[in-house]
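Have a look at the structure below before the remarks.
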Amino acid sequence: MNQFGNIFRLSIWGESHGPQIGIVLDGVPAGIPLTEQDFEHDLARRRSGAPGTTPRHEPDRPQLMSGVYNGTTTGAPIAIEFVNTDVHSQDYATVTRHYRPSHSDMVAYHRFTGFNDPRGGGHFSARLTVALTAAGVVAKKMLPSGVSFSTRLAEIGGCTDPARFEEVLRQAAAEEDSVGGVVECRAQGVPAGLGQPFFDSAESMIAHLLFAIPAVKGVEFGSGFAGSRLRGSQNNDCILDFKGTTRTNNAGGINGGLTNGNELVVRAAVKPTASIGRPQQTYNLATDRVEPLRIKGRHDVCVALRGAVVVEAAVAIALANFIR
């Protein structure tokens with residue numbers, strides 16, 4: 001459904017080309033300082049404008065509709081809204097039944113018997129991550145004061161050299177194509193013991209939210225998949241003191257589903273943007289045939305470029321669900 005969480009509960013709504021995007025946050029303690037300006041830093045990290053990002057420009061100004069009074073949270077549910085101002089719905093007139101490859105168009109048609117909003121992906125769109133980013137801002141305020149985040153784009157199109165990222169983006173754009181990427185999020189100062197084994201382990205909750213982000217197709221913690229190719233003697237993290245400090249951090253800061261006090265390290269693999277300019281052969285329901293489709297509209301060459309802050313928000317939201 002469209003809700004997540006137990007202690008810190010989220011309910012998200014809206015469509016890519018609808019009038020608004022919004023999220024309701026419940027379980028936020030009273031007395032936390034919160035103003036609309038507090039959201040600006042993270043929302044700016046998500047905005048378009050850099051090379052490789054969509055030409056769609058949304059101001060993304062949050063409107064705090066409830067749950068805040070005189071600059072502090074009241075303990076009531078917090079409703080945050082974002083107005084959509086830059087929509088070109090006509091760009092999607094041809095894809096209502098001529099399904100875009102690797103998009104939600106066809107599965108949404110089957111799931112909702114054709115009543116779904118297809119414009120810009122509707123409720124399936126990455127546009128909704130603006131609300132998730134806003135929730136992450138609040139989640140960070142709920143975490144202990146010593147918790148901090150450092151998040152980076154570790155890879156674009158298979159390239160791990162940041163100096164070559166723009167070159168990779170230019171080449172993909174010139175070929176009317178797209179590339180994926182890998183986002184790495186590190187959280188320092190996370191207390192030991194956060195998590196609820198078995199099904200609400202720290203990994204389970206974080207991965208749940210990360211996979212809710214459109215285009216995320218893989219998640220790993222610590223040494224991740226590379227660790228599966230090591231021996232135990234190579235992958236084990238030897239403990240150095242009573243606090244649980246480890247010599248290495250192949251576990252990524254989590255043991256037995258609980259945070260262990262070391263740096264939390266998680267990476268999310270983001271697939272290439274599904275909407276590309278070059279023609280593709282794909283099924284057309286209107287004609288019951290596979291036909292060439294050229295997708296119109298405004299799209300990111302690499303959605304991972306604006307995804308780092310969204311991944312960070314997801315990690316913060318998951319951790320906030322363990323704070324009592």
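Before moving on, here are some points about what is shown:
- Across region 79-86, coupling constants 3J(HN,Hα) worked out from phi with the 6.51/-1.76/1.60 Karplus curve, θ = phi - 60°, read 9, 10, 10, 10, 7, 8, 10, 10 Hz, and Gly and Pro carry x.
- Gap separating the Cα centres of region 1-76 and region 183-258, nearest whole Å: 27 Å
- Among 36-42, 10-16, the order from most to least packed when residues are scored by Cβ within 10 Å on average: 10-16, 36-42
- For region 158-206, the calculated P(r) over all alpha carbon pairs, in 10 Å bins from 0 to the bin holding the longest distance, is 19, 30, 17, 23, 11 percent.
- Karplus 3J(HN,Hα) series, Hz, for region 316-324 with 6.51 cos²θ - 1.76 cosθ + 1.60 (x for Gly, Pro): 5, 5, 4, 5, 5, 6, 9, 8, 10
- Cα gyration tensor shape for the chain, rounded if a/c is under 1.5, else prolate or oblate: oblate
- Our summary gives the chain a relative contact order of 24 percent, counting only alpha carbon pairs under 8 angstrom and 6 or more residues apart.
- Net length gained if the chain between Trp13 and Met65 were fully extended (0.36 nm per residue, minus Cα distance): 17.3 nm
- Residues in region 289-306 that a label on Glu176 would reach, taking backbone N under 13 Å of a point 7 Å out along Cα→Cβ: 292-297
- Against the main long axis of the alpha-carbon atoms of the chain, helix 202-212 sits at an angle near 10°.
- Placing unit charges on the Cβ atoms of the charged side chains and taking the dipole of the chain about its Cα centre, the candidate lying farthest along the positive direction among Gln281, Met1, Pro29 is Gln281.
- Pairwise inverse Cα distances across region 168-324, averaged and inverted, put the Kirkwood hydrodynamic radius at 17.8 Å.
- Kirkwood Rh in Å, taken over region 17-107 so that all alpha-carbon pairs contribute: 15.8 Å
- HN-Hα J in Hz across region 169-179 - Karplus 6.51, -1.76, 1.60, θ = phi - 60°, x for Gly and Pro: 5, 4, 5, 5, 5, 5, 8, 6, 10, 9, 9
- Listed peptides 203-215, 223-235 by packing density, highest first (mean Cβ within 10 Å): 203-215, 223-235
- Between region 277-304 and region 123-177, the alpha-carbon centres lie 25 Å apart.
- Using every pair of separate Cα atoms, the Kirkwood estimate puts the hydrodynamic radius of region 210-249 at 12.3 angstrom.
- For Asn255, the residues 5 or more places off, or on other chains, whose built amide H falls under 5 Å of its own are Asn260.
- Coil-residue trypsin sites (Lys or Arg not before Pro) of region 251-321, DSSP, other Cβ within 10 Å capped at 12: Arg294
- Greater than 29 Å apart at Cα, pairs in Lys140/Lys296; Lys217/Lys296; Lys140/Lys243; Lys140/Lys217: Lys140/Lys296
- Every Cα-Cα pair of region 14-56 was included, and the share exceeding 16 Å stands at 63 percent.
Computed from the coordinates by the stated procedures, all read-outs in this text should not be read as laboratory data. Quick caveat, the model's predicted, so the values are computed rather than measured. We place every Cβ from the backbone using ideal geometry, glycine too, and count neighbours over all the protein chains shown.
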